[in-house]
Each structure stands twice: as C-alpha cells, then as structure tokens.
1. Do the conditions hold for V289, that is, is it part of a strand (DSSP E or B), modelled with pLDDT of 95 or more and either closer than 29 Å to Q412 by Cα or open to solvent by 10 Å² or more (accessible area, probe 1.4 Å) (or both)?
2. Please enumerate the residues belonging to segment 24-82 that are open to solvent by 20 Å² or more (accessible area, probe 1.4 Å), part of a loop (DSSP other than H, G, I, E, B), under 22 Å from A514 (Cα atoms) and not charged (D, E, K, R).
3. Given segment 433-515, what helices (runs of 4 or more DSSP H) lie entirely inside it while holding 1 or more residues that are small (G, A, S) and under 29 Å from E392 (Cβ atoms)?
4. Open to solvent by 30 Å² or more (accessible area, probe 1.4 Å), farther than 21 Å from D87 by Cβ and over 19 Å from the mean Cα position of the chain (by Cα): is that true of K516 in this structure?
5. Out of segment 187-214, which residues are aliphatic (A, V, I, L, M) and open to solvent by 10 Å² or more (accessible area, probe 1.4 Å)?
6. Please find, among D245, D264, D240, the residue that is buried (at least 22 other Cβ atoms within 10 Å of the Cβ), acidic (D, E), modelled with pLDDT of 95 or more and in a loop (DSSP other than H, G, I, E, B).
7. Testing A395 on (1) open to solvent by less than 50 Å² (accessible area, probe 1.4 Å); (2) in contact with a helix residue (DSSP H, G or I) (Cβ under 9 Å, 6 or more places away or on another chain), one condition comes back false. Which one is that?
8. Which of the residues belonging to segment 400-432 are without any contact (Cβ under 8 Å) to a residue 60 or more places away in the chain, open to solvent by 40 Å² or more (accessible area, probe 1.4 Å) and in a loop (DSSP other than H, G, I, E, B)?
Amino acid sequence: MDKYVIGLDYGSDSARAVVVNTRTGETLATSVCYYPRWKQGLYCNPARNQYRQHPQDYIDVLIHTVRESIAACPEGTAANVVGIAFDTTGSTPCFCDRTGTPLAMLPGFEENPNAMFVLWKDHTAVDEAARINELCKKWEIDYSQYEGGIYSSEWFWAKALHVLREDAVVRENAYSIVEHCEWMPALLTGVDDVHKLIRSRCAEGHKAMWHPSWDGLPSEKFLVALDPVLAGFRERLFKDTFTADKPVGRLTPEWAGKLGLSTDVVVAGGAFDCHFGAVGANISPRTFVRVIGTSTCDIMVSPYDEIGDKLIHGICGQVDGSVIPGMVGLEAGQSSFGDVYAWFKRLICEPAAALISKSESVSEEQKKALVAELEDKMIVELTKQAEKIAPEDSAVLATDWFNGRRTPDADQRVKATITGLTLGSTAPMVFRALVEATAYGSRAIVERFLNEGVKIEQVIGIGGIALKSPFVMQTLSDVLGMPIKVCRTDQACALGAAMFAATAAGIYPNVEEAQKAMNSGFAHEYQPIPANVERYNVLYKQYIDLARKTE
C-alpha cells in the first residue's frame, strides 16, 4: 500500500501543506493559508523595518492546512501518512522560556512584538550587525568566516542582541532562543525542555555562526564582549546541531488528534525554506538553484573534495549538511526581487485607487471592482508594454537594493537607485529597468561564485515568478548568459520538505534516493538570446559602475 508524507512550507505571508505519495512523488492535495494576524498588519512597523510574527499564527495555519489537505485526499490517506516535515523562513528567531515556549505564548507577552518571532526581513538590527562585524575582524577567531565573512542584520545574533537591548522585560524573562524551523518539530513532538530541543544544522550553521571547529557557537567571552546582555545565553542554547533527515520524534497524542493523523507519524528535523526548495528542485553538485519570490535565495551543494578548504567570501554561509547531508551547502541571495515589482505596483496603484474610492461617478460596488482589477492587472499590463522595449531603447538604469543587499557582501544600509530618467521616460521603461536590475543583482551573485572557484553547470528556477513570468525569466537568462530550467511544481519547498519527511520516516535511506523517486521534473527551459546577451554584457558594466558609486 502506498505511503504518504506531508511537507509544510512556512513562507513570509502564508503557509502551505502538500500531501505527497512517497513512491511516485505525486501531490495528492495542497492547502494554503495566510497568517491571520500578519495579514492584518499586526506587530509590524514598515517605517522601522520591523516585521514580527505571532507564534499563534503558525499554529492556526498548521491545523487548517493539514486538515484541509487531508480532507481533499482519497479516503484512507490519513491512516497511511508516515512522516511530516517543516521548512520556514530564516533567520526567524524568538526568545523562549526554559520549556522552549515562545514568550509571546505566555501571559503578559501576547501583544509584545519583541516576544514574537523576528521575521527574516526585519532589519531593525543594522547597528548590531555592524558591531558583530567589527568585533569578528578584531577577534582571535573570525566567527563570520563560514558566513561569507560579513554578518547580516537579517541573522540570529544581530536580531537577538537588538531585542535584548530594546526590551528590558524580554531581557529579564528570556531563557533561550529558538528558530522557527526548530520550534515546529519540537511543538508536535512534545519537547518541554529547551535543552532537549533538536537544533537545525541549516539554521544555526548559516545564521548563528555555529561551526564544529570552534566547538559550536561563538565563545561566551566573544558574546559578552559584543554586549553583556548576551551573558549566559551560550550555555542555555546548544552545542550540537543536526541535519534535517534525522527524525525528531513522533506526533504526540494531542497533536495527532488536532491534525487528524496517527501517533506513528514521524516528524523530521526542520530547515529553511529555500534549502528544502533546492532539494525539491532536484539539486545536485554544480547546480545553482534560484528560489525566486519576494526575495531570492540561491543554493548550491558541493562535495567535500571540490569545496576543500575554500572560504567563499560575501555569501550567506557554507555549512556541512545544510542542504543535502554529506555535502557542503552554499547559500546566497537578494534581499528583494518580487518585492521590487510589488513596490512599483503600489507606487502606481495607490494614488489611482485612492481617487477611484473617492469618485462620485461610480457605485461602491464598481469602485471595489475597479480597484481589484487595477491591483490584479497592473503588473500584467506593465509586463506587456515593457516586453516591447528593446534593452538599448531605454536609458533608465536601476540597482536592486530596495531592501538592502544580501549577497554579494551583505549590507542592509545600501539603498536602491534609479537613474537615466528623462521627461520621455515611461512607467514600462522604469518597470523594465527594475526587472533588469534584479537580473543584474543575480549575475553579481553568479560571478562571485565563479570568481571564488565554484563551478556552475546548470541553473534551476523555482517559485511563482519562475513559473508565471516568462519576461522576468527570459531577461534573467539573457543577463546571466545561461539556460535556466524551471521546476514543474509550484510548491518546490513543500515538496522538498516531503522528501525529508520520507527519508526521516525510513521510506528512503537518504535524501538523494527520495529526490530520484519524488522529483517533479521541469516545466520549461529558457535559452539566452545571443543578441540580448551581448547588449546586457555592456549594460551590466553600467550597473556595476552605478552600484559602486551609490553604495
């Protein structure tokens, strides 16, 4: 009888669950649910780059998506579910008590954003990241050396330090810190002691400067030198980390009842969404996987004999087993990609929507319909018009740093630039320049890997933009000068989670075998257009020049 697994992918705005046949890789059902509090804009302050998520949101969507997806499957499926695995955004840490419970789940902290999970794109810790980088370069050990040599405000220690400095109440009540991808498996398996919590190799290796060569986390002396508020946390955190193919435990009776599953269901270790997404996209050595969404995350894996003792400068880390156990995982990415297009849409749509809402010429029902149509079709229309513009016919040039720079060389202080504007510049010209800017930022990452001696033989794109925007993907292929395969599934991260669930449950001996049986294949392959490649080689040099002048 076929066995099934559930892959859960927690993104920035919503979570999705997929029920997958372990033998064929067929997805039986999918359920997507937005975080209810997040959708209302609660606990966030975009003006301060503060983005926090309540743990209750994670619980609510877990129950909803698992139950809804199972309900959509043939009768008897639930009884044959053998494993479940989570991927989440990251670094998304939260302060917790001795039991591993996030402070926001405790009385008195329910409405305190500092007691909640600090989402990956929260950039309130820019000053703290700068302090970490300064101290790392002076210390006897550069703890950032396996993080690309530059620590980011998007990561574990910067965020923890910022919250501790800002909130005395959290500082007095916090016992330890947990990543989102670690908390979900612990929650379902009944872990009630933070010291028994299984820590993610992926999360802690890439974002918390964990490495076995210095016995785990940075030393207590280093952390106290950063700020005395960190005193004692190293001892209350962890020494060891684990790859996500290892089982954490089984569903407790309570959670089996809530989800409608059996207590025999194995819960796998957690990891970050893009790392699981790369596995879901069938990553292998010398493959560059682009997880393209609001931001991008670029993932590679390297055998030990290829990576050797290389330290790849300016990326988001190189961690043994963070993607596929038995190989070194390499991570890079852009702090904004789809968010750039969303920003431009808002820039155009918001004044128009405001005028429509005040109009006396149409009914309230018509107003709502017009605003909805505006929101729904603006990017489509901009794309149609931008596609008609040849690269050489627009003098508009932009950089992609609308949310700072993740790679190469993390710096959340840099800002985006749009230049070359004239009275003849049009909205489609600007939109095209923004699409090209995101592609140029992608090329900068590829060139960093190549210059550091990392071979790239194929490029794979996954995510909604990869599947739904031929214009963006063709531009990306032309700018990179490389073919790009697009993964067939629109839920590659959740599929990757399902592969880890199948491995942890013992269906497959390792992740590579799960990939062979469960991968979705490719929907399309974009080929670079030689004439465009030649033009973009010239324009890319202009982008680099603009970037150097404005960073």
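The values are calculated or read from the model by the stated rules, or taken from the named source; none is laboratory data. Bear in mind the structure is a predicted one, so any value in this text is a computation, not a measurement. Glycine also receives a Cβ, built like all others from the backbone with ideal geometry; neighbour counts cover every protein chain displayed. Side chains included, ligands, DNA and RNA excluded: accessible areas come from the protein's heavy atoms. Shrake-Rupley method; radii C 1.70, N 1.55, O 1.52, S 1.80 Å.
1. On the way: part of a strand (DSSP E or B): yes; modelled with pLDDT of 95 or more: yes; either closer than 29 Å to Q412 by Cα or open to solvent by 10 Å² or more (accessible area, probe 1.4 Å) (or both): yes.
Spelling it out, V289 is indeed part of a strand (DSSP E or B), modelled with pLDDT of 95 or more and either closer than 29 Å to Q412 by Cα or open to solvent by 10 Å² or more (accessible area, probe 1.4 Å) (or both).
2. If the condition is that a residue be open to solvent by 20 Å² or more (accessible area, probe 1.4 Å), part of a loop (DSSP other than H, G, I, E, B), under 22 Å from A514 (Cα atoms) and not charged (D, E, K, R), then T24 is the only one that fits.
3. Working: elements: 464-468, 470-480, 492-504.
Counting at least 1 such residues, we get 464-468, 470-480.
4. Details: open to solvent by 30 Å² or more (accessible area, probe 1.4 Å): yes; farther than 21 Å from D87 by Cβ: no; over 19 Å from the mean Cα position of the chain (by Cα): yes.
It is false that K516 is open to solvent by 30 Å² or more (accessible area, probe 1.4 Å), farther than 21 Å from D87 by Cβ and over 19 Å from the mean Cα position of the chain (by Cα).
5. If we filter segment 187-214 for residues that are aliphatic (A, V, I, L, M), which is where we start, we get 187-188, 191, 194, 197-198, 203, 208-209.
L187, V191, L197, I198, listed by residue number.
6. Values: D264 fails: buried (at least 22 other Cβ atoms within 10 Å of the Cβ); D240 fails: buried (at least 22 other Cβ atoms within 10 Å of the Cβ).
Only one candidate qualifies: D245.
7. (1)
8. Listed by number, the residues that qualify are L421, T422, L423, G424, T426.
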